[in-house]
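Peer 1: Please read through the structure below; I'll follow up with questions.
The values are calculated or read from the model by the stated rules, or taken from the named source; none is laboratory data. Computed from a predicted structure; not experimentally measured. For neighbour counting, all protein chains shown are included, and Cβ atoms are generated from backbone atoms with ideal geometry for every residue, glycine included. What goes into the accessible areas is simple: the full protein's heavy atoms, side chains included, and nothing from ligands, DNA or RNA. Shrake-Rupley method; radii C 1.70, N 1.55, O 1.52, S 1.80 Å.
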Amino acid sequence: MTQDELFKKLVAHSKEYGFIFPSSEIYDGLSAVYDYGQMGVELKNNIKKYWWDSMVKLHDNIVGIDAAIFMHPRTWEASGHVSAFNDPLIDNRDSKKRYRADVLLEEWLAKQDEKIEKEVAKARKRFGDSFDETQYRNTSPRVLETAAKRDEIHRRMVQAMNDNDLNELRQLILDCEIVCPISGTRNWTEVRQFNLMFETKIGSVSEGASTIYLRPETAQGIFVNFLNVQKTGRMKIPFGIAQIGKAFRNEIVARQFIFRMREFEQMEMQFFVRPGEEMKWWNKWKETRMSWHRALGFGDDNYRFHDHEKLAHYANAATDIEFNFPFGFKEVEGIHSRTDFDLGNHQKFSGRKIQYFDPETGESYVPYVVETSIGVDRMVLQVLSAAYREEKLDNGEDRVVLAIPAPLAPVKAAILPLVKKDGLPEMGHRIKDMLKYDYNVQYDEKDSIGKRYRRQDAIGTPFCITVDHQSLEDDTVTVRQRDTMEQQRVAISELPALIEQAVGLRRLFDKII
Ligand code: ATP
C-alpha cells in the first residue's frame, strides 16, 4: 500500500467509524472545515487531557486559563498580525488554482532531496557491501550537481522570504520550472501577500459597528492576561500559562484533510522567563515536548526537529517538531522563543505598564517568553495515521485495527455477551454499570462475536470483555487484548485494575522528561 493509498483509506475510515466528518456535508461540505464525530471527540478530549495535565498538573509553576476568542482589535495591531500575518500567494492562470509560493518552492526542494536519496539507494544496490556512502555523496557528479542547485535555490528562497521580496519568489518559481499540478503549465501570476485573519463585525450597525478578528492564535489571550494571572496567582518567574482553544486562519492552500484547517484548535503554553535566560528554557522545552510526543510509542524515528530559517516577526529562535505523516515529515508543534516582543508591544499599545518585579534581582523588567504551540487536530491526525493497520489473521480473515495508545483510545472497553439470552445480557449490563463511571465503555450484543471484535478493533478499543455461561457460574469473563488478540480469563472484580493499568495517563507521564 502506498502512503497515498494509506492516507485515502484513513480519511474514509475516519468518516465510516465516526471520527471525522466534512463540515455541513449535506450542503456538500465547507472547504478545510471538519466536524468531529462520536469517536473523534473522545480521542480529541483524551489528547487535550494528556497535554493539559502534562502542563498544568505536573508543573507547580504552570497554570491554565480560557480566554475569549474575540479580543480588542488593537491586540492584533500590537501583535503584528494586522501588518505581518501574511502568506505569499501565486495563481496559475490556466487552472485558476491558488498556491502558496513558499510551499511550491519547499516541495521542489524536497523533490531534489528525494532525487539525491534515490541516486544513493541505486548506488548502494549496485556496489553492494563495498559501498562507501560518504564518499559517494562527496564525489558523485550527479549528486553534487543536484545538491548544489538545491542549495542555491534554498539560499535565494530564504533571502527572498526574509526580505519579503515577492518578485524574487516568482522568479524562483520560474527558474525551478515549477508547473501547476492541475493544469501542468507555468502560466503564473505575480506573487501577492494575503492576510490570513478572518474579520467580522461587532455591535449593531446603527451603534457604529467595528471590525474585529477571529483570533489566529490563542497566545494573545495569554499575553493580555499576563498581569492578571501573575498577580492573582502570585506567580514567580519562571512560570507558564497554558490554554486550549479555537483559532482561525483563512488558509489558502487547504489540503491534507485535518492537517490544514480554517478553524482549528491549539494547545499553547507561554513560559515567562528572565531576559537572557530564554535560550536555556527554549532548549529545555524542546526536549520536554519531544519526550511528550515520543511517550506515545509511535517510534522515535518518526519525529524530528526542523529549525526555522525564516523567523516570525516576534521570534529570535524557533523550531518545529515534525512527524512522519503519510504525506511526509510535517509540523505538529512549534517551540518559539518570542522574546519580549508581545508583552513589550502590548505595553506600548495599551499604555499600561506590563512589567514584573523580580524579588531575587531587585529589578523590574518585561519578561521574555518561550512558547510551545501544538495543534490538537494535527495531533489527532498523528495518532490516527500512526495507529491505522491492516492485518491478515491466521484464519485468513482481514482486520483493520487502530492501535491507538490505550490512554488516548476513545472507548476503553467493550462488554460483549456471547449470546442474547440466559442472563448474559443482564450480567453484561452490570459490568458496564460498574465501569462506566470511570471509563468510556460500550455494550454490544448485536451480530457474531467475530464481527463485534472487528467493530471494536476499527475504533481502537483496547479491551473486549466477553460474558459467557461460565461467567454466570464463577464471576469471570474473557478479556481480549486489541493488539495481540490474546485472551485471558479474569475475575470481574479485577477488571477495574486491569483496565486502569493500561489506560491511565500515568503510563505516559512517567516517560516525559
Ligand atoms: P504551518 O507552517 O503548517 O502553516 P505555522 O508555522 O503557521 O504552521 P504556528 O503558527 O506555529 O503554525 O501554529 C502552531 C501550531 O498550530 C502548528 O504547529 C499546528 O499544529 C497548528 N496549526 C497551525 N495552523 C493550522 C491549521 N491551519 N490547521 C490545523 N492546525 C494548525
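Peer 1: Looking only at strands (runs of 3 or more DSSP E) that fall completely inside the stretch 1-100, which ones have 2 or more residues that are among the aromatic types (Phe, Trp, Tyr)?
Peer 2: 34-36
Peer 1: Quickly run through the stretch 149-188 and pick out the residues that are open to solvent by 60 Å² or more (accessible area, probe 1.4 Å) and in a helix (DSSP H, G or I).
Peer 2: Lys149, Asp151, Glu152, Arg155, Gln159, Asn162, Asp163, Asn167, Gln171, Asp175
Peer 1: Does Ser83 qualify as being over 23 Å from Phe329 (Cα atoms), polar (S, T, N, Q), free of Cβ contacts under 8 Å to residues at least 40 places away in the same chain and open to solvent by less than 80 Å² (accessible area, probe 1.4 Å)?
Peer 2: Answer is no for this residue.
Peer 1: Consider Asp438 carefully, then state whether it is modelled with pLDDT of 95 or more, surrounded by fewer than 16 Cβ atoms within 10 Å (Cβ to Cβ) and part of a helix (DSSP H, G or I).
Peer 2: Against the criterion (modelled with pLDDT of 95 or more, surrounded by fewer than 16 Cβ atoms within 10 Å (Cβ to Cβ) and part of a helix (DSSP H, G or I)), Asp438 does not qualify.
Peer 1: Additional query: I'm trying to understand the selection: among the residues of the stretch 26-55, which are modelled with pLDDT under 95 and open to solvent by 40 Å² or more (accessible area, probe 1.4 Å)?
Peer 2: Within the stretch 26-55, Asp28, Leu30, Ser31 qualify.
Peer 1: Sticking with this structure for a sec: Where in the stretch 329-415 are there strands (runs of 3 or more DSSP E), lying wholly inside it, with at least 1 residues that are open to solvent by less than 10 Å² (accessible area, probe 1.4 Å), among the acidic types (Asp, Glu) and touching a His at 6+ places or on another chain (Cβ under 8 Å)?
Peer 2: In the stretch 329-415, 368-375 are the strands (runs of 3 or more DSSP E) which contain 1 or more residues that are open to solvent by less than 10 Å² (accessible area, probe 1.4 Å), among the acidic types (Asp, Glu) and touching a His at 6+ places or on another chain (Cβ under 8 Å).
Peer 1: If we keep just the residues of the stretch 290-309 that are farther than 20 Å from Ser54 by Cα and charged (D, E, K, R), which is farthest from the ligand (Cβ to nearest atom)?
Peer 2: The qualifying residue farthest from the ligand (Cβ to nearest atom) is Asp301.
Peer 1: Which ones in the stretch 310-343 are of a type in the set (S, T, N, Q) and within 11 Å of the ligand (Cβ to nearest atom)?
Peer 2: Of everything in the stretch 310-343, just one residue is of a type in the set (S, T, N, Q) and within 11 Å of the ligand (Cβ to nearest atom), namely Thr319.
Peer 1: Confirm whether Ala121 is farther than 30 Å from Val441 by Cβ and part of a loop (DSSP other than H, G, I, E, B).
Peer 2: Here the answer is no, as Ala121 does not meet what is asked.
Peer 1: Among residues belonging to the stretch 234-265 that are open to solvent by less than 10 Å² (accessible area, probe 1.4 Å) and assigned to a strand (DSSP E or B), point out the one that is nearest to the ligand (Cβ to nearest atom).
Peer 2: That would be Ala247.
Peer 1: Only residues that are within 16 Å of the ligand (Cβ to nearest atom) and part of a loop (DSSP other than H, G, I, E, B): list them for the stretch 208-224, please.
Peer 2: Arg215, Pro216, Glu217, Thr218
Peer 1: Right, here's the next one. Of all residues in the stretch 477-508, count the ones that are within 22 Å of Tyr50 (Cβ to Cβ) and part of a loop (DSSP other than H, G, I, E, B).
Peer 2: Matching residues across the stretch 477-508 total 4.
Peer 1: From the list Phe357, Phe341, which one is among the aromatic types (Phe, Trp, Tyr), out of contact with any helix residue (DSSP H, G or I) (no Cβ under 6 Å at 6 or more places or on another chain) and within 24 Å of Arg289 (Cβ to Cβ)?
Peer 2: Of the residues listed, the single one that is among the aromatic types (Phe, Trp, Tyr), out of contact with any helix residue (DSSP H, G or I) (no Cβ under 6 Å at 6 or more places or on another chain) and within 24 Å of Arg289 (Cβ to Cβ) is Phe341.
Peer 1: Name every residue in the stretch 266-287 that is within 16 Å of the ligand (Cβ to nearest atom) and in a helix (DSSP H, G or I), in order of residue number.
Peer 2: Hits for the stretch 266-287 are Trp282, Trp285, Lys286.
Peer 1: Does Leu227 qualify as being closer than 23 Å to Lys115 by Cβ, away from the ligand (no atom under 16 Å from the Cβ) and of a type in the set (A, V, I, L, M, F, W, C)?
Peer 2: It is false that Leu227 is closer than 23 Å to Lys115 by Cβ, away from the ligand (no atom under 16 Å from the Cβ) and of a type in the set (A, V, I, L, M, F, W, C).
Peer 1: Output the residues belonging to the stretch 441-463 that are open to solvent by 60 Å² or more (accessible area, probe 1.4 Å) and touching a Gly at 6+ places or on another chain (Cβ under 9 Å).
Peer 2: Hit for the stretch 441-463 is Glu445, nothing else.
Peer 1: What tally of residues in the stretch 87-111 results from selecting those that are among the polar types (S, T, N, Q) and without any contact (Cβ under 8 Å) to a residue 40 or more places away in the chain?
Peer 2: 0
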